1. Pop a pseudo-label 7 angstrom from the Cα along the beta-carbon direction at both Q69 and L113 and give the gap in nm to one decimal.
2. What residue among Y302, Y355, Y46 shows peak mean-square fluctuation when the chain is described by a Gaussian network model with Cα springs under 10 Å?
3. Would you kindly work out the equivalent ellipsoid of region 1-139 from its C-alpha gyration tensor and give its semi-axes, the square roots of five times the eigenvalues, largest first in whole Å?
4. For the chain, give me every cysteine whose Cβ has no other Cys Cβ within less than 4.7 Å, ordered by residue number.
5. Take the chain, compute every pairwise Cα distance, and split them into 10 Å bins from 0; I just need the percent in each bin.
6. Over the Cα atoms of region 254-318, each weighted equally, I'd like the Debye log10 I(q)/I(0) at q = 0.18, 0.26 Å⁻¹, rounded to two decimals.
7. For region 299-403, just say rounded, prolate or oblate: build the C-alpha gyration tensor, square-root its eigenvalues into a ≥ b ≥ c, call rounded for a/c under 1.5, and beyond that prolate if a/b exceeds b/c, oblate if not.
8. At 4 °C and 1.567 mPa s, what whole-number value in µm²/s does Stokes-Einstein give for the translational diffusion of region 281-343, with Rh from the Kirkwood sum over Cα pairs?
Amino acid sequence: MSDYLGQLDSAPEPDPTVFDKIVNLSKRRGIAFQSADIYGGFRSTYDYGPIGVLLLRNVKDAWWRSMVQMRHDVVGLDAAILSPPAVWEASGHLANFTDPLVDCTNCKSRHRLDKLDDPNVCPTCGAIGKFTEPRDFNLMFKTQAGPVAGAGADCFLRPETAQGMFINFINIVNSTRKKPPFGIAQVGKSFRNEITPGNFVFRTREFEQMEMEFFVPPAEADEWYRYWCETRFQWYLDHGMPRELIRLRPHDADELSHYSSGTSDVEFLFPWGWDELEGIANRGDYDLTQHQNHSGEKLEYYDQAANERYLPHVIEPAAGATRTAFAFLIAAYDEVEVKGETRTVLRLHHRIAPYKAAVLPLSKKPELTGPALELLAALQPHFMCDYDETQSIGKRYARQDEIGTPYCITFDFDSLEDRAVTIRERDSMAQERISIDGVVRYLQDRMA
Ligand code: GAP
């Protein structure tokens, strides 16, 4: 692995105050709200508001674009969220997808043993040596399908999207004629009954994943593992993640799952320190072997040219969409002083920014709002745009900076005469006068 994927010496000290600023901004500007807020809130679940839904969609679209649209060797899938116990029996989740849980007998709080700073001290009440014996707590949400209760009706909300790709491997080979090396990609919700959710949307019980299973001839597995580590790391840089805020950390031997011959995490410098955004794992043929044995269906690939059958090995880049959106927000957060006032600017990459442009008529007079709305209508087929005609132009620029809009387009009284508008760029604050007919092209050139 090349050295440049490690932690840079120039990594800054994390700023813990950014966490509260992002949480406040999220509520104030409609990025994420505590779910069931009016009922006192449902702990650790969040509803993505008008800005958050765009941000999250852009993260998922950027991933899909790189992982599916821009490749000839990866196809997509949207598998069911509800699945029968047999899938999770085979995958090992029923037996092993557990966290060690301890209860404090003093204050009754519950903790994950492996996440405690000191395994003898309760972080809630400070009691020493008051924990129960650890017990394994399965993280899957169990429910029932249909009106009749009983073992046959049991099913689970998927705790990862990955198994959908393994159980459809043969369906996809037969329906697409793809041959290894090729991948199956999926974006969607997963559910885990986390013992200690927290840190805003970092760890929640309902979250979104972006996973891809890349099936390869066994002899090529190591090479593809290195390829996906570097490719996935580069994806974050390509979408504006500062190099000093991410690193690729290979797992130590004692961290590896028994079937994995290599796993590396892309980590981000969160306000509380380095933590995982994505894991890239060389999973061998573990998953296909398990499903083949449990289902009784042959899942081997038949290589006609070589006249041989084999179970492909799998390289899995598994990222969290909600967690990545949060990391992009933290990385983009900046403050500037304007006339003695501190203002927030989200320096988001244009592909991640919720709105690409905002159309701002200088006054609310119909002679300006009419043509400004016409300009908005001309931009909307190409870009997600905002429109704002309230308050002073300076305040409106500030409001757009705060949600990361890369371009503001002001329609003023001169625009009626010269058929041109002023375009202001978020980071440089530079302004240019552009012909109205050329605005789509101007933005396309800068956001290709
Ligand atoms: N199929 C492999 C797998 O699911 P994982 O490391 O458990 O691997 C992949 O999950 C990614 O999903 C993590 O790197 C993280 O970004 C995200 N993720 C996992 N649990 C999460 C949670 N409770 N809340 C938010 N994101 C989570």
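The values are calculated or read from the model by the stated rules, or taken from the named source; none is laboratory data. What you see is a predicted model, and the numbers here were worked out from it, not measured in a lab. Cβ placement follows ideal geometry from the backbone for every residue including glycine, while neighbour counts extend to all protein chains displayed. The accessibility values were calculated without ligands, DNA or RNA, using every heavy atom of the protein model including side chains. Shrake-Rupley method; radii C 1.70, N 1.55, O 1.52, S 1.80 Å.
1. It is 4.7 nm.
2. Greatest mean-square fluctuation among the candidates belongs to Y302.
3. 33, 26, 22
4. C155, C229, C385, C408 - these cysteines have no disulfide-compatible partner (Cβ-Cβ under 4.7 Å) in the chain.
5. 4, 17, 25, 24, 17, 9, 3, 0
6. Rounded to two decimals, the profile gives -0.77, -1.07.
7. Verdict is oblate for region 299-403.
8. 79 µm²/s
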